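See below for the structure under consideration.
The values are calculated or read from the model by the stated rules, or taken from the named source; none is laboratory data. This one's a predicted model, so the numbers in the text were calculated from it and none came from an experiment. Cβ sites come from the backbone with ideal geometry, for glycine too, and all protein chains shown count toward neighbours. Areas reflect the complete protein model, heavy atoms only, side chains present, ligands, DNA and RNA absent. Shrake-Rupley method; radii C 1.70, N 1.55, O 1.52, S 1.80 Å.
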Amino acid sequence: QVQLVESGGGTVQPGGSLRLSCAASGSIFNVYAWGWYRQAPGKQRELVAKITAGRSTNYAESVKGRFTISRDNAKNTVYLQMNELKPEDTAVYYCNWVSLTDAYWGQGTQVTVSS
């Protein structure tokens, strides 16, 4: 069973940066979308950023201009660069890969923005 493994979470002060990574433990074929979601305590999981096979991207309004999603095919890895972090960005972040036959989720990585 292929798994998605996230890394890069942690605690950072407001205004700081983090880069999240999401790598697949094996090959996943026919993936057409890669995304990052987040879930804060007491809130529903929400889409943060998505990138398609054609490399088009879309972002939640709250992160536009601060976050950047990218993917490295050679490394089979997707990244989320997060700059100018705010306390309201605190959440568990999950990566999500969607193929023609299935959807895969990572285990989540905690991001805490606090002074």
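Some values worked out for this structure:
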item: Fraction of accessible area attributable to carbon and sulfur, the chain (%, probe 1.4 Å); result: 46
item: Segment 42-89, accessible area per residue, ligands and nucleic acids excluded (1.4 Å, Å²); result: 59
item: Highest-MSF residue in the chain out of Gly54, Gly42, Gly16 [GNM, Cα springs under 10 Å]; result: Gly42
item: Dipole moment magnitude, nearest 20 debye, the chain about Cα centre, only Lys, Arg, Asp, Glu C-beta charged; result: 140
item: Student exercise, segment 36-94 dipole from Lys, Arg, Asp, Glu Cβ charges, in Debye to nearest 20; result: 160
item: Protein-only accessible surface order, largest first, of Ser115, Ser17 at 1.4 Å; result: Ser115, Ser17
